[in-house]
1. Compute the relative contact order of the chain as a whole-number percentage, counting only Cα pairs closer than 8 Å that sit 6 or more residues apart in sequence.
2. Looking at the chain, identify the longest residue range that excludes and avoids all trypsin sites (Lys or Arg not before Pro) in DSSP loops having at most 14 other Cβ atoms within 10 Å.
3. Out of the GluC sites (Glu not before Pro) in segment 1-100, which ones are loop residues according to DSSP with at most 16 other C-beta atoms within 10 Å?
4. What is the ratio of the Cα radius of gyration of segment 134-250 to 2.2 N^0.38 Å, with N the residue count, to two decimals?
5. Averaging over every viewing direction, what projected area does the convex hull of the Cα atoms of segment 19-97 cover, in nm²?
6. Just the Cα atoms of the chain: what Rg and Dmax do they give in Å?
7. Say the cut-off is 28 Å between C-alpha atoms; which of 25/134; 2/83; 83/161; 29/133 go over it?
8. Give me the number: length gained by fully extending residue 33 to residue 76, i.e. 0.36 nm times residue separation minus the C-alpha to C-alpha distance, one decimal in nm.
Amino acid sequence: MKIEKIICAVDASNSSKQALAFANKLATKFSAQLSVVHIFPAELRMKNEFKEHVIEEINTWLNGLLKSPIIHLDGIISEELQKLSKSNDLLVMGLRGSNHSSRYYGSNAAQVIQTASCPVFLIPDAETDFHFKKIVFASDFKDIVRDENLEALRDLADHQKAELHLLHVSGNTVLDTEEGDEAIELHAIFKDINHAFFVVEEQDIVKGIQKHIKDNKIDLLAIMPRKTTKLAHTLSQAIINETESIPIFSFHA
């Protein structure tokens, strides 16, 4: 994997602290440049005195983890992170936000993973090491096979020497022709990776993913969000809401 520049978005939440700790580990491992950013949600229209209080709160909360000053910005969180993602190789942020921004960080995480120009790690409220034995890639097996799109996942699985689960959740356990052809191409792309295919019969996609995670002791959930549509955003949000104990790795389509 080639990671030279990492951006980590923080607030005063515990998952944010875990995200920064994780980003620090990556920066050390890959000798990468790490920038830390905090965004005041434009929707909150904070007064300067409250901003100063928030800055002090965040600096105190992240004390010991900060190796450079935090960059503070004002704006719409998803839009600001989308801009920053263009000049970085990886974006890291927490799954849950703090009290003053949880509503915005939580709802924007789905938007961020759909629009980011680089891969994104969403880190839960638990210590996370860059060591994944089992990765599940949840997909509908439709229109996903583009070698360049899957490169991030292939590189990650190869770097970790991980077992890769290619998961399809559907009300039918039999793949149709298009899904079958896609599976064959996926097999070719991941031929050098230890991988296996799984089909879970479940109408509720999110429930099927969570069941596979629990039953197979998965360490990392990988997803490739579709283009920005209301349905795609809703699905991404549901996956984020229901995934609490393991990190999510999202790479752009």
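A short reminder: the numbers here are calculations on the coordinates, not readings from a lab. Model, not experiment: these values are computed from the prediction. Heads up, the Cβs are rebuilt from the backbone with ideal geometry, glycines too, and the neighbour counts pull from every protein chain shown.
1. Dividing the mean separation by the residue count of the chain yields 22 percent.
2. Between exposed loop sites, the widest span is 87-132.
3. Here the sparse-neighbourhood loop sites are 4.
4. 0.99
5. The orientation-averaged projected area of the Cα hull of segment 19-97 comes to 5.5 nm².
6. Expressed in Å, the Cα Rg and Dmax of the chain come to 18.2, 60.
7. 83/161
8. 13.0 nm
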